[in-house]
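Reading through the structure tokens given below for one structure.
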Amino acid sequence: MTAYVGEATPFDTRVELPWPVDVAQTLRPLQRGPYDPCHRHVADDVWRTSRMESGPVTYRIRQDGPTGARCLAWGPGAEELLSALPALLGAGDDASGFAPEHPLLADAHRRLPGLRITRTGRVFEALVPAILEQRVHGVAAFASWRRLVLRFGDPAPGPAPRGMAVPPSADTWRRVPSWEFHKANVDPGRARTVVRCAQLGDSLERLTAESPQQAQRKLRSVPGVGIWTAAEVAQRAFGDADALSVGDYHLASVVGWSLLGRPLDDAGMVELLEPLRPHRYRVIRLITETGGYHRVPRRGPRTAITDHRHH
């Protein structure tokens, strides 16, 4: 049942999924760094903001039983958000055909029955932070995202935790001046890609009606959007359990050390995971949720963070 009374009173609903769901695990890929103004994990609650077609929304999701979740939503986009809530929590993510033979994957899959692949249906919200993360250190990309959202986004509706904001619309991104990207440590190439995609905002959102594979092909036709960026969007916006982020700086090594005890390059990772189609992204989620990045030996200094503001 969904209820709504007045602007200050939230929509309130409970969703029951056909299989177990861990709310925090399932939504974790949507968070862009620990200080993301669009995503907070506070005690037992996951707070998020989004910009739906009907307007901004703040929503708070809490686990409610092994297969259920309770959600409160504020703002003009609240009713639309709640209609998308089952998909957001993985209602369309059927992992019943996934039966990995590797002991690490089999054990992780058994221990994390509630790990589902989210589907937000919001293409542009997944695309902009992915563009910002191209070819740069994650810490720098997260800081750029935070600065730009707080500078150009809207206040979060309702009683959101302090410091939260709604991500800018495509029209707003299209009009962000080049010097604001520069102040946010975004180089001209990535800035141009964000603006170029913003000019295609409505058509990009319609990609949710395509198959994930076709949608990724169309995304890659946009200059500046490559295979890695398209996969990052597919994982979140399309709920594609097979979208593999080829070209990631660390991922192939993490997969190699986790599954083989040695590093791999992209080609080796693709070959190793080929038999696991159509669940290759699910494999990545299981590896990362069970400490995959800690299995890579520390050798030499960390990747340097480039400050484009001094160039």
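With a cut-off of 8 Å between alpha carbons and a minimum separation of six or more residues, what is the relative contact order of the chain in percent?
Working: 540 pairs, mean separation 55.5, N = 311.
Reported relative contact order: 18 percent.
Under 5 Å between amide H atoms, partner at least 5 residues away or on a different chain: which partners does Glu16 have, H built in plane at 1.01 Å?
The list, which skips near neighbours in sequence, is empty: none.
Please give me the summed charge of the neighbours of Val136: other residues whose Cβ is under 9 Å from its Cβ, Lys and Arg +1, Asp and Glu -1. It would help to have the intermediate numbers written out before the result.
Details: positive: Arg135, Arg190; negative: Glu133, Asp187.
Cβ neighbours under 9 Å give a net charge of 0.
How much accessible surface area, in Å² rounded to 10, belongs to the heavy atoms of Met164 with a 1.4 Å probe?
The value for Met164 is about 20 Å².
Any idea what log10 I(q)/I(0) is at q = 0.10, 0.11, 0.14, 0.16 Å⁻¹ for the stretch 1-158, Debye with uniform C-alpha scatterers and no solvent?
Result of the Debye calculation: -0.40, -0.48, -0.76, -0.96.
Tally Lys and Arg at +1 and Asp and Glu at -1 over the other residues with C-beta under 10 Å from the C-beta of Glu53: what net charge comes out? Working shown, then result.
Working: positive: Arg51, Arg122; negative: Glu80, Asp202, Glu205.
After counting each charged neighbour, the total is -1.
Can you list the residues, at least 5 places off or on another chain, whose amide H is less than 5 Å from the amide H of Val176, using H built in the peptide plane?
none
What does the helix-only formula give at 222 nm for the chain: each DSSP H stretch with n ≥ 4 adding -39500 (n - 2.57), the total divided by the residues, and the result rounded to the nearest 500 deg cm²/dmol? Each step should come with its number before you reach the end.
Working: 14 runs with 125 residues, N = 311.
That comes out to -11500 deg cm²/dmol.
Would you pull out the residues with amide H under 5 Å of Asp154's amide H, same chain only if 5 or more places away, H placed 1.01 Å from N?
Residues meeting the amide H criterion: Val166.
Report, in debye and to the nearest 20, how large the dipole of the stretch 245-290 comes out about its Cα centre when Lys and Arg carry +1 and Asp and Glu carry -1 on their Cβ. Each step should come with its number before you reach the end.
Values: 5 positive and 6 negative charges, 40 e Å.
The dipole magnitude comes to about 200 debye.
Which order do the peptides 123-130, 176-183 take when ranked by the mean count of other beta-carbon atoms within 10 Å per residue, highest first? Display every interim value, and only then the final one.
Working: 123-130: 24.5, 176-183: 14.5.
Most protected by this proxy first, the peptides run 123-130, 176-183.
Given Cβ point charges of +1 (Lys, Arg) and -1 (Asp, Glu) and nothing else, what value in debye, to the nearest 20, does the dipole of the stretch 115-175 about its Cα centre take?
Values: 10 positive and 4 negative charges, 14 e Å.
I would put it at about 60 debye.
If Lys and Arg each add +1 and Asp and Glu each add -1, what is the summed charge of the other residues whose beta carbon sits under 11 Å from the beta carbon of Ala230?
Details: positive: Arg217, Lys218, Arg220; negative: Glu232, Asp240.
So the environment of Ala230 carries a net charge of +1.
Round to a whole number: what % of the accessible area of the stretch 172-311 belongs to carbon and sulfur, probe 1.4 Å? It would help to have the intermediate numbers written out before the result.
On the way: 3680 of 7060 Å².
Percent of accessible area from carbon and sulfur atoms in the stretch 172-311: 52.
Excluding ligands, DNA and RNA, what is the solvent-accessible area per residue of the stretch 208-300 at a probe of 1.4 Å, expressed in Å²? Show your work: numbers first, answer last.
Details: 4190 Å² over 93 residues.
About 45 Å² of surface per residue is accessible.
How big is the charge dipole of the chain about its Cα centre, in debye rounded to the nearest 20, if each Lys and Arg gets +1 on its Cβ and each Asp and Glu gets -1 on its Cβ?
Details: 40 positive and 34 negative charges, 197 e Å.
So the dipole magnitude of the chain works out to roughly 940 debye.
The values are calculated or read from the model by the stated rules, or taken from the named source; none is laboratory data. Keep in mind the model is a prediction, meaning the values are calculated, not measured. A quick note on method: Cβ atoms are made from the backbone with ideal geometry, for glycine too, and the neighbour counts reach across all protein chains shown. For accessibility, only protein heavy atoms count, side chains too; no ligands or nucleic acids. Shrake-Rupley method; radii C 1.70, N 1.55, O 1.52, S 1.80 Å.
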